Every structure is written in structure tokens, then in C-alpha cells.
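Visitor: Can you read through this structure? Questions will come right after.
The values are calculated or read from the model by the stated rules, or taken from the named source; none is laboratory data. Source: prediction; values computed, not measured. Ideal geometry is used to build each Cβ from the backbone, glycine not excepted, and the neighbour counts take in all protein chains shown. Just so you know, the surface numbers come from the protein's heavy atoms only, side chains and all, with ligands and any DNA or RNA stripped out. Shrake-Rupley method; radii C 1.70, N 1.55, O 1.52, S 1.80 Å.
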There are 4 protein chains.
Amino acid sequence: MATHTFTPTRYWNTLGSHPVALRVAPGDTVRTTCVDARGRDAQDLQITSPGNPMTGPFYLEGAQPGDTLVVRLDRLLPNRRRGWSGVLLAPNVVEPRDVGQLAQAGGYFIWNWEVDAEVGTAKLNHPESPLHGIELALDPMLGCLGVAAEGGQAISTATSGPHGGNMDYRGFREGATAYFPVFTEGALFFLGDGHALQGDGEICGTGIEVSMEVQFTLDLIKGQKIEWPRGENSEYIFTLGNARPLDQCVQHASSEMLRWLTGSYGLDLTQASLLMGQTVRYDLGNVFDPAYTMVCKMPKKLLETLR
Amino acid sequence: MATHTFTPTRYWNTLGSHPVALRVAPGDTVRTTCVDARGRDAQDLQITSPGNPMTGPFYLEGAQPGDTLVVRLDRLLPNRRRGWSGVLLAPNVVEPRDVGQLAQAGGYFIWNWEVDAEVGTAKLNHPESPLHGIELALDPMLGCLGVAAEGGQAISTATSGPHGGNMDYRGFREGATAYFPVFTEGALFFLGDGHALQGDGEICGTGIEVSMEVQFTLDLIKGQKIEWPRGENSEYIFTLGNARPLDQCVQHASSEMLRWLTGSYGLDLTQASLLMGQTVRYDLGNVFDPAYTMVCKMPKKLLETLR
Amino acid sequence: MATHTFTPTRYWNTLGSHPVALRVAPGDTVRTTCVDARGRDAQDLQITSPGNPMTGPFYLEGAQPGDTLVVRLDRLLPNRRRGWSGVLLAPNVVEPRDVGQLAQAGGYFIWNWEVDAEVGTAKLNHPESPLHGIELALDPMLGCLGVAAEGGQAISTATSGPHGGNMDYRGFREGATAYFPVFTEGALFFLGDGHALQGDGEICGTGIEVSMEVQFTLDLIKGQKIEWPRGENSEYIFTLGNARPLDQCVQHASSEMLRWLTGSYGLDLTQASLLMGQTVRYDLGNVFDPAYTMVCKMPKKLLETLR
Amino acid sequence: MATHTFTPTRYWNTLGSHPVALRVAPGDTVRTTCVDARGRDAQDLQITSPGNPMTGPFYLEGAQPGDTLVVRLDRLLPNRRRGWSGVLLAPNVVEPRDVGQLAQAGGYFIWNWEVDAEVGTAKLNHPESPLHGIELALDPMLGCLGVAAEGGQAISTATSGPHGGNMDYRGFREGATAYFPVFTEGALFFLGDGHALQGDGEICGTGIEVSMEVQFTLDLIKGQKIEWPRGENSEYIFTLGNARPLDQCVQHASSEMLRWLTGSYGLDLTQASLLMGQTVRYDLGNVFDPAYTMVCKMPKKLLETLR
């Protein structure tokens, strides 16, 4: 149960079989940092190329294809004061006929936010805006986390899949646990793309993007094969489907939940369906990236009554 | 501000220009009842044909095309003890390869629930199930409500559109307010398809279906043209997009929210986008009906700081 | 086998149970006319309101719900010289980021074409365009045809469904036969929205729109229940799926073809699948209307070897 | 203009920056072979792991990111007699409620075909089938071809993207020319997944799969940046969009065609739109793989009148 402090020296824009950054044992904790989505660090210096550069990969001893990697997000803390966000709604999230006026308003550009991790707020820092100074409550999360992709692939950190990646789901906040299928020896865990906060869907193309201090603990479930990322917090267990269109995300997330309930909660297909039908909740992860994300959640309180 | 008690004598399976059931004035309240989705009433007698039979239409004096109909859901109360729900997940909400095992498990069938409106629970009443007796908390809602459709259409209560209809959104519960575009003189408001409770997405094809006592109050916003249904509760204003795929629901709901924020909250396109990007929430209405439903929500607390 | 000449005096913008225009017997032929999509007639006079106004409904003696209506398109002839078309690609058929430049180029507007039915050409008649005078070969078709919709609905002629409607499929040209499910006594057949020619997908929102002389013959297949429109020409039998997204159109069209092959060609599910897999062709009807259209085609020559 | 004969010794299941198989100069021709989709060669021996193993990569001298790779398919010839195909329709191409009966019929399995490249037929070789002996005309094509993916990715040959890949488009037959964006020095061209013939959409998950002799000629267009694969045959120029849902494939293919017409044919956005609107054709590549494929085609005869 060692605690490692790891200072990254290089970053990755794909999730694949890259040279190992650090080897850890199940139960070990890692303290490290992530640059922001454009490759800027705690000093706001661009130290690597943009496009969700990842810290990692972390090699988990004993992890083999067919296992499940467990990632507890112990601590997520913005480590600089300048955050930034896209301003206008992305062209794919509005009615097609609305795209013209968004293009006319400037298309894609960014504004700055003042992130105060102690007070717990992000304040718009754009004096030309009538909203200058407006304050939102921080809710730090990781936009992109996952493992080396299946079949020897190296997948861009712009998108996501069964291996995780750029899911941009608000639920990957401090205190949450993420589960990923292991496709490669050592699993090769990557993380980055910190958001000080984000709306559902990442509909302006970004959260409030910021570099971060991160502490996480890795663990291993031997011989448990999962097909899509899963997660857990104090209230819910959840599953993530990453695809297009959103309908297909729903299908993956729902089928993965069905597998979870029948595999681990002693429910047959019929009882699991019945319960899901009346108690399931869905969250929208993102509707911006090349693959969208929907999340299927089941209340733990209910499931505990079943054991 | 009269209060009308209306006892329906016939029901409708389309939302169109049917003979008026009751004429009311803006501000008037109506107490009435709805049969369940299969046309069964408080005595569990089948009194009309199945397929979301609607109570109504209610004609609102003064409502003209281009106005907005306001519907406050004052009271929603299941008025009988037998509820029922679909059991198995619908074939379109799971991975295509999973449909085979669902078909083998029986495809579509229903089980009963004991609905206790006083205690506030629905209890599974299916002795053959290992879950027999499991209790869920009531959260009564209307699955289908809306107005006569645009352009002289009569649209099935199986589906939804700009006129509302079968949106199966949990947010249409007691205390919520719904807004609909008026397409016909008098608006012609319909309601029905009561659910004692429902999971997100209505993924088994039903909530816990039950007949209901309903009290609602109609009002009118003259000259305010909206394009998709809107709503409001104590925490959020929200907009609904009804279409397929879900991506398109997101587009309609997001564009409608953009119109609301720029039309009524003094925000230009840029500020409205910025705020939506970091604070919006999406709910999944249904992913089962011929048209799916996604809901875009903005926190009222935040918006109040803008006025 | 009477031949009726019918001069319409009113038109319909929904496909529903409207007052019968003409009653005909199975085998009867009808000669009539259709106004263009904006309600302009052979003299280019606006005689009814725009939005695909339909000629009809034609009541077929003996047609009952559960039967199949047969429509042979004997003759389709543009009956005036001015055609018109949308110019710019619709915002939903290009990459979202491209919509801005289309909006800047003017969004939606129309140009005229000179339609010469004798020579068989449409010539661009817009002197300001560098393409002024360019000639395309006529290929007249009906954009919108179908029957009163199911369940007592009245569905806008802007869209389509199991009842047919605005499918905008080039294959509904002279010589083709269309089949529709009958949902109402008499079937109630409607037709209109003539195109002098059209590209696949109707991606500018129109074909070359023109009024038409039409001759068609109605027939009846008693007791044959079909679920989606079907058709036939000298080379192919085909089925049409009308929905969104296109993936779902493919599903409806493919399932309907599977039903056709297993129902009428003596193939079991396995043999029908095998044959479809290696020989099927798909056409894109439209990707512009509220419901899109995909067409599944099987070569008749191959199928004849099976009988 | 050398002609190289290349005998592959290893194969790849991703399109990425793998060790170069052969370096060639612009204008050079390569004669080589491809194993079938399961890794079986001309002797029907499994010599590599299944999943569309690729021959290559071929390094084109002088190719740099931002250029266009040109691939002329000079010759495609099945080089063994046993072909095989999936039998049942894939679960995602039929109505969800139909999936149950397909699962019951066996789900996924394959049958053999006798491929006679001299006579030009494939004959079903499955004595248990009532269709045993049925003959289809050969139309050999490559299901999977393309270049190393952008951004240092390695993408599975199960799917496709801007780099090409598993598009399963019948149009990539002998005589056709394919164009790919170059993302890596040398372009790194891969090819494989030969089909003796295939229906539109690859709706049973396969064509008639067979190993092949292939001859192709590579060329280079310096400084021409394209965004999606393009192609050309004697009748049409065409563009391919690879994504989900099919609607998005249409968007990519249409936008790419718009870029081609405005970039190379002297048309502005308006004239290109107008022409596309009335003359474009779409083909369905596949509706089975993780990314679907739609093809946008414009008639060369028409375009020649513009030069």
C-alpha cells in the first residue's frame, strides 16, 4: 500500500501501449499532476502539445486482459488560478438552422475564469462580458481517464470507447471510483483533462479547463471481465456507454448495467430488468466529442436490500 | 378563477381538434380523472380503448395560435390500488445482440404493483417473483399531456412532438408547471397516462401505470410563441425536445433553452451559451416511444441573479 | 375497369380521414392533376395553401384495414414550364461546422428552371448564375403519396410514416407500382408534390418542383397486411422505411423486405437473410424531411429463379 | 514506374505506424496478395490472426501529412475457390423486435460458397440449404483499405474513419481509384478484407469473403489536403463518410463533395449546392461495422461540362 509521488515528464495524446511511466502494486496510491486540455501546467506554461495530453501510463502489477482495473479518485484539486472555457454552444448541440447565428457570433473562442480552489468558486474573468464576475461553485472532475485500448489500438484522447477516454462525465469527481476493462498487461492507466466544473454534455466543447493535482489509488479485480467503464459513488453504481448516436450510448450503458446486476447482485435477467425499468437514472456525459457518453445509474440503497 | 370538476365521458387516442370537453377561462382550475394507459379507470374497469386514452380536450378561452398555454399540475394522485408495469427491458434500449435473450425471457409482459397513495409506496405484487413485495417510493407523474398538434394534424398519443404528447418525463409531477405552444384556437389541452412512478427513459415501456385524480390550473401567455414544450419547478426551468435520435432531442431542447434565455432573461446569444455550457443539466425523458425525449434544465437560482 | 377523369377542387395538407374526393373500384384508372409543393397549378397560380397540398382522397371500394392498396403510376407529366428548386444544401446534410457558411450564402432561397416535358429537360433559368442554362434530364416522380394514417391520425404532408407520405423517393416514377397498408375503410389515397427530377436525398430541400398531370390505377390485395410501403419496378421489388435516424429507416426497410421474402417467395428466415446479405441494394430517399427514407431493393431476376 | 511483387510475411490488425513492408515511388505498381478476413490465405490456411488482417504498410516516397495518396485498383482477383459469408441479418439492421427470431435461428454463423474467378460466379456450397447451388455474379472488391490514422493513432481494422479502413464499400472494385488523406510520412497504405461480392450495407456482417491477388498503383498529390476518403470510377467521382449514425456519414460525405466541387471544379458554394441538390447519388457502404459508411457520388459527365 505504498504512496508514490510521480512528476510527469512527458504526456500522451493517445491511449495505447506507451512506455510505462510508473509501476505500482494493487492498493498503491499515486500523487501526480495533470496539465490542462491544451498542455499548460500549474504555472500556465505550455509544456506539451494540446489535445488532452495524458499523465501516465501507470502499470498495475498483475493486471491481465480480462481483469478489471479499479481507480479511486481520492483527490482532485485545481492547482492554478486561470481556468478557461469555450463560450458558444457547439454546432452539433443546437438545431441545424441555429448554427448560422452561432457562426456569426464568432464560432469557437474561449474566455478565462478565476479559479479559487480554497473558496471553491470559479469567477468569470472577462471584463468585456456583462457576466464578468459571475461565480459558479467548483466541482472538479477528470474529463479523460482510461486504459490502453483493446486490440493493440492507440486511440486519440479526443474520443472514448470501451477503454474509457474522453468521456467528459461530471461524475468522475473526488470520491468516485472508476472501473475499466483491462486489455493489456499492466492495464496502463492514463488520466488528464481536468475541469474545475462542467455542465452536462460539455455543450460548449469544454468545462472550465484547468491543470490539477490528483491523487488516486489503483486496485485490481482479477478475472472480472467488464465490457464498458463502470463507476460508483456513495449513492449510485453506474455504467458508461461511449458511442454515437446517444441512443447507442444508452444501449451500451443499459446492457452493461444489466450485466452488472445479473453478475453481481443475484438477479436474473427478468428481475434486473424490472428493477431497472422503475428506478434507473441516466446522466448525459458529453454530447460534443467524437463519441458521446450516457451514464446509467442504479441507487445503491435499493440494491443493498437485495443482498 | 373558477374551479371546475369534470367527469370525462369519452377519451381520445390522438391529440387533435376533437370536440371540446370543457371550456375554461385563464386562471381556472380543473379537477378531473385520467384512466390508465390501457383505458382502465379507478375501479379497474376498461372503459375505453387502450393506447394512452386522453382526458379532454380543455378549451382555454382566448388562446390563439402563437400564444403559450400554461398548465400548473396542482395535484396528481393515483386513485386505485392496482398498478402495473412492463417487466423486461425494451429491445431498443439494450445492445442489439442482447435482444435475443430478452426475447427468450418472454419479450413483453406485465406484472402488478400494489399502489398505496397514502403511505406513498408501490409494492411489487407478483408472488412468483423473488422481488415480490419490494417497495418503491411513489412519485406520481403524467406520461402524456399536450395540445392539439400543429397544422391541423391529429397525432397519436403513443408519440410526441412540439405539441407535447407522450413525453414520459418524470419531471411532470405535482407542483410542476408545463408550457405548450398553442396551434389551435382554444389550445385544446389533453392529459393522461398516469404513472405512480417511473425510471428515467421508461426503458421497460411503462412506468407503474395507474389511473389518477388530477387537478390542474390553466393560464395563458398572450403573444409568446414557443417552439417546444417548456416547464418549471422550484429549482429549474426546463425545455423538452421530442424526436429521434436522442441527439436531435438534445438539439431541440438546447435551442429552445437558448431562445428562452435570450428572450426572457436579457442575455445575448453569447452570454446565454456561456452560462448553459457550464451549468446546464439534461434529463432523459423517454427512450422508448416513437419519439424520444431529452430535457434541458437551467437552475433558477443562478438565473435569478441575472435579473 | 373504368377510367375516371378527376379535377380536384380542394387539397389537403394532412393524410387523414378527409371527405372523399372520388370513389373508385379495384382496377379503375384515374386521370388527375397535382399542384406543386407550394400550391401552384398548371397556370402557375396559387390556388391552395403551400406545404405539399394533396390531391384526393380516393376511396377504393372494398379496401379494409389489413388489406394492401396497390397504386400503379401509369403516367407522370409536368404540366407547366416553370419549375423551381431550393439552391443551398440543407443545414442537416452537411457537417455542423459548415452550416455557418451556408447561412452566410443566404440559407434558403429558390431559383427557377425551365421544364420542357417534350424534349425531356430542365434548364436552369437564373441569368445571374454562372450555371444559367445548364440542362438536366427529366425524371418525373411524386414526392408525396400515401393513405390516411393509422389510428385515426392526420399526419402532415411534410413528413412520412408507415402510411407513406412525403418520402421524396426518386423511385416513385412512371411505371412503378406502390403498395400501402390500408388503415381506414376505402384506404383514402392521396398524391402530390411532383418533381420534374430530384437528386438522392432531396438535400436542398426540394426537387425541381412542378405541377403535374398524373394517371394512376388502383387495385387491392385483400387480406395482405404489410407494415411499411412497398414498391416494384421492372428490375426490383423494394420496401421503404421512414424514420430518423437513417439507421432506423434501414431497419424498417430491411425487416419489411424480410417479411416480403418469407411471406411471398417461399424462403425461410435463414435463406432470405442469406440472399439479402449478398444481393440487396439500398437507395436513399430523402434525408431532409422530418422523417428520412431509405429503400431496400431486391433484384426480381434473382427472385424469379426461386419460384 | 517500377512494378514490385510483394509477398507479405506479416499482417496488421490496426492501421497505424507499423514497420514499413515496402517503399515505393509515386507511379509505382505493386502486385501482392491479401488473406481473407479471418487470416486464411490462398491455400485456405490460417496464417495470421483473424479480424481483417492487412497487407502492408506500403510507404510512398515523398508523401507528407497534408498530401493526398492516390491508389488505383488495377486488379482484384479471388485466388482460391472457397469463399464464406455470414448467413443471418445482423441484429442492428432489422427492427429491434425482429432480433429475437434471428437469435433463435442461430444468430451468427457462416456458410461456404464456391468461387470461380474464371467463370465469374460464386455458387452456394451448403447442401443442407434449399438454396444450395444458387449462383451470383462475382464483383470483387476490397472491404478494408486506407492509411495510418491521424494523430499517431492505431485504429482497428474492424472500423473506419477519415483514414479509410473497414468501409466495406462495393465501389472499391477493379478499375476504381481511391484517395486518402496522408497523416504520416510515407502515408503507410494498408489493404485487405477481399470480398468476391457483397450486397449493399454488408448486412449479414460479411461479403463473400475470400483471399485475393491484388495489383495497385500508388501516386501522390502534393499539397492537396482532403478530409475524408474520396474515389473515382468511369462514371462518378465520390466521397465517403465513415461514422454513426448514417446521418452523420451523409454529412461528412456531402461536405467532402462540397469541398471537392468548390476546390477543383470552379464552383462556388451556391452553384455546387444547386448541382448536388438535383444530381447527387448516395450509396450505402456498410451499416454493420462500428462506423457505418455512406458514399456521395457526382456524375463525371455533368462535371465535365463545367470545365
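Visitor: Taking only C-alpha pairs under 8 Å that are 6+ residues apart, what is the relative contact order of the stretch B:233-300 in percent? Let's see the in-between values first.
Guide: On the way: 110 pairs, mean separation 31.6, N = 68.
After rounding, I find 46 percent.
Visitor: Report the FRET efficiency, 1/(1 + (r/R0)^6), for C:GLN46 and C:HIS132, where r is their Cβ-Cβ distance and R0 is 25 Å, rounded to 0.05.
Guide: Working: r = 26 Å, r/R0 = 1.03.
Calculated value: 0.45.
Visitor: Order the peptides A:35-42, D:260-267 from the highest to the lowest mean number of other Cβ atoms within 10 Å of their residues. Could the numbers behind the result be given before it?
Guide: Details: A:35-42: 21.9, D:260-267: 16.9.
The most tightly packed comes first, giving A:35-42, D:260-267.
Visitor: Lys and Arg at +1, Asp and Glu at -1: add these up for the other residues within a Cβ distance under 12 Å of C:GLY161 and post the number.
Guide: Details: positive: C:ARG244; negative: C:GLU150, C:GLU227, C:ASP289.
In short, -2.
Visitor: List every residue whose amide H lies under 5 Å from the amide H of C:THR33, counting only residues 5 or more places away in sequence or on a different chain, with H placed 1.01 Å from N in the peptide plane.
Guide: Amide H to amide H, under 5 Å and 5 or more residues apart or across chains, C:THR33 pairs with C:VAL214.
Visitor: Please report the net charge: other residues with Cβ closer than 10 Å to the Cβ of C:HIS4, K and R +1, D and E -1.
Guide: Values: positive: C:ARG23, C:ARG31; negative: C:ASP28.
Result for the neighbourhood of C:HIS4: +1.
Visitor: Highest first, please rank the peptides D:96-106, C:183-193 by the mean number of other Cβ atoms sitting within 10 Å of their residues. Walk me through the numbers on the way to the answer.
Guide: Details: D:96-106: 18.5, C:183-193: 25.5.
Highest mean packing first, the order is C:183-193, D:96-106.
Visitor: Quantify, in whole percent, the carbon and sulfur part of the accessible surface of chain C (1.4 Å probe; protein heavy atoms only). Write out the running numbers ahead of the final one.
Guide: On the way: 4850 of 9960 Å².
About 49 percent, which is the carbon plus sulfur part of the accessible surface.
Visitor: Gaussian network model of chain C, Cα springs within a sub-10 Å range: biggest mean-square fluctuation belongs to which of C:VAL94, C:VAL30, C:VAL147?
Guide: Result for chain C, Cα springs under 10 Å: C:VAL94 fluctuates most.
Visitor: What's the average, rounded to a whole number, of partner chain beta-carbon atoms within 10 Å of each residue's beta-carbon in A:201-207? Could you put the intermediate results ahead of the total?
Guide: On the way: counts 9, 3, 9, 7, 1, 2, 2.
For peptide A:201-207, the averaged partner shielding equals 5.
Visitor: Over chain D, what is the relative contact order in percent, taking alpha-carbon pairs closer than 8 angstrom and at least six residues apart? Present the calculation step by step, with values, prior to reporting the outcome.
Guide: Working: 860 pairs, mean separation 71.1, N = 307.
Once divided by the residue count of chain D, the mean separation gives 23 percent.
Visitor: Give me the aspartates and glutamates in straight-line cross-link reach of B:LYS300: C-alpha distance below 13 Å, same-chain residues under 8 apart excluded.
Guide: Straight-line reach from B:LYS300, under 13 Å: B:GLU232, B:GLU235.
Visitor: Shifting gears a bit: Give a quick list of GluC sites (Glu not before Pro) in the stretch A:35-136 that DSSP marks as loop, anything other than H, G, I, E or B, with at most 10 other Cβ atoms within 10 Å. Could you put the intermediate results ahead of the total?
Guide: Working: sites: A:GLU61, A:GLU114, A:GLU118, A:GLU128, A:GLU135; in loops: A:GLU61, A:GLU118, A:GLU128.
Listed in order of number, the matching sites are A:GLU118, A:GLU128.
Visitor: How high is the relative contact order of the stretch B:5-108, given as a whole-number percent (alpha carbon pairs under 8 Å, six or more residues apart)?
Guide: Numbers: 108 pairs, mean separation 26.2, N = 104.
Across the stretch B:5-108, relative contact order equals 25 percent.
Visitor: Now, a different point. Just the number, please: buried accessible area between A and D, total of both chains, 1.4 angstrom probe, nearest 100 square angstrom. Write down the numbers at each step before the final one.
Guide: On the way: alone 13150 and 13140 Å², together 25560 Å².
Roughly 700 Å² of accessible surface disappears when A and D pair.
Visitor: Now, a different point. Post the alpha-carbon centroid distance, the stretch B:119-183 to the stretch D:219-292, in whole angstrom.
Guide: If we compute the Cα centre of each part, the gap is 43 Å.
Visitor: C:THR55: net charge of surrounding residues, Cβ under 12 Å, Lys/Arg +1, Asp/Glu -1, itself excluded? Present the calculation step by step, with values, prior to reporting the outcome.
Guide: Values: positive: C:ARG10, C:ARG31; negative: C:ASP36, C:ASP41, C:ASP193, C:GLU213.
Neighbourhood net charge equals -2.
Visitor: Per residue of B:250-263, count partner chain C-beta atoms within 10 Å of its C-beta, then hand back the mean as an integer. Provide the component values of the computation, followed by the final result.
Guide: Numbers: counts 11, 13, 2, 3, 9, 8, 2, 2, 7, 2, 0, 0, 0, 0.
Across B:250-263, the average partner-chain Cβ count within 10 Å equals 4.
Visitor: Run the label-point distances for D:ASP268 please: 7 Å along Cα to Cβ, every other copy, nanometres, shortest first.
Guide: 2.8, 6.4, 7.0
Visitor: Further, regarding this structure: Between the stretch A:87-110 and the stretch A:16-47, how far is it from one alpha carbon centroid to the other, in angstrom?
Guide: The stretch A:87-110 and the stretch A:16-47 have Cα centres spaced 33 Å from each other.
Visitor: Could you give the length gained by full extension between C:SER234 and C:ARG31, i.e. 0.36 nm per residue of separation minus their alpha carbon distance, to one decimal place? Don't jump to the answer; show the numbers that get you there.
Guide: Numbers: separation 203, 0.36 × 203 = 73.08 nm, distance 2.27 nm.
Result for the pair: 70.8 nm of gain on full extension.
Visitor: Which distances, in nm and shortest first, link the C:GLN46 label point to the same label point in every other copy, taking 7 Å along Cα→Cβ?
Guide: Listed shortest first, these distances are 5.0, 5.5, 7.0 nm.
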